[in-house]
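Engineer: Supplied in structure tokens, the structure appears directly below.
FYI, it's all coordinate maths here, none of it is from the lab. Since we're looking at a predicted model, the values are computed, not measured. Backbone-built Cβ (ideal geometry, glycine too); neighbour counts: all protein chains shown.
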Amino acid sequence: MEDGTSWSPRHTEGTASSSTTTTADRAERPPTRVELTQTCEIRDLLDRLADKWSLLIVELLGQGTQRFGQLRRDIDGISQRMLTLTLRRLERDGLVRRTVHAVVPPRVDYDLTPLGATLLEAVEPLVAWTRAHRDEIAEARSGYDTQAAAGAVT
């Protein structure tokens, strides 16, 4: 224990100066935004949507139904395994629908579910912003990298 740290237990629950929140306090008031975003389901979904590929796949499927091979060709740098995993996760979350056609060779199509379409509505402004500012961001990165290489960035 650090110097100056009290060894005596402190019981402040229920006092007016208590900075801790009791279970009873939480039951009497609606949850805060922080408490709402700390649930595992929300963190898990936000992590999934913020990964490297998910929003790009949602944006591509917003153009219409796509086959696996077409998605793989359209997404530079994604491996077959990563595309498969990302599509499965999006399907599990109810954002993407997978349709297997009983033909030889098998054909699998992917499209957005109605829920996925609502996510696309939220993502489209972000994608548009990214496209509109990609040159400025590339320029800023280049300038930063030049300064970092010269030792000017700490």
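Engineer: Between R134 and Q63, take the C-beta separation as r, use R0 = 30 Å, and let me know the FRET efficiency to the nearest 0.05.
Structural biologist: On the way: r = 19 Å, r/R0 = 0.64.
My answer for the efficiency is 0.95.
Engineer: If packing is taken as the average number of other Cβ atoms within 10 Å across a peptide's residues, how do 91-100, 43-52 rank, most packed first? It would help to have the intermediate numbers written out before the result.
Structural biologist: Numbers: 91-100: 15.2, 43-52: 12.8.
Most protected by this proxy first, the peptides run 91-100, 43-52.
Engineer: Under the rule a/c < 1.5 gives rounded, and otherwise a/b versus b/c splits prolate from oblate, where does segment 31-149 land using the Cα gyration tensor?
Structural biologist: Details: a/c = 2.09, a/b = 1.29, b/c = 1.61.
Oblate shape, in that a/c is at least 1.5 and b/c is the bigger or equal ratio.
Engineer: Moving to a separate point now. For segment 31-149, what relative contact order do you get, as a whole percent, if you take Cα pairs closer than 8 Å and at least 6 residues apart?
Structural biologist: Values: 86 pairs, mean separation 28.0, N = 119.
Computed value for segment 31-149: 24 percent relative contact order.
Engineer: Mind listing the long-range amide H neighbours of I75? Cut-off is under 5 Å, sequence gap 5 or more, other chains count too, H placed in the peptide plane at 1.01 Å from N.
Structural biologist: For I75, whose amide H was placed from the backbone, there are no distant partners under 5 Å.
Engineer: Can you work out the Karplus-derived ³J(HN,Hα) for every residue in segment 96-105? Use 6.51 cos²θ - 1.76 cosθ + 1.60 with θ = phi - 60°, whole Hz, and x for glycine or proline.
Structural biologist: Couplings: 10, 10, 10, 10, 9, 9, 7, 10, 10, x Hz.
Engineer: What are the ³J(HN,Hα) couplings of segment 46-61, residue after residue, when phi is run through the Karplus curve with 6.51, -1.76, 1.60 and θ = phi - 60°? Round to Hz, x for glycine and proline.
Structural biologist: 5, 4, 5, 6, 8, 6, 5, 10, 4, 5, 5, 5, 4, 5, 5, 6
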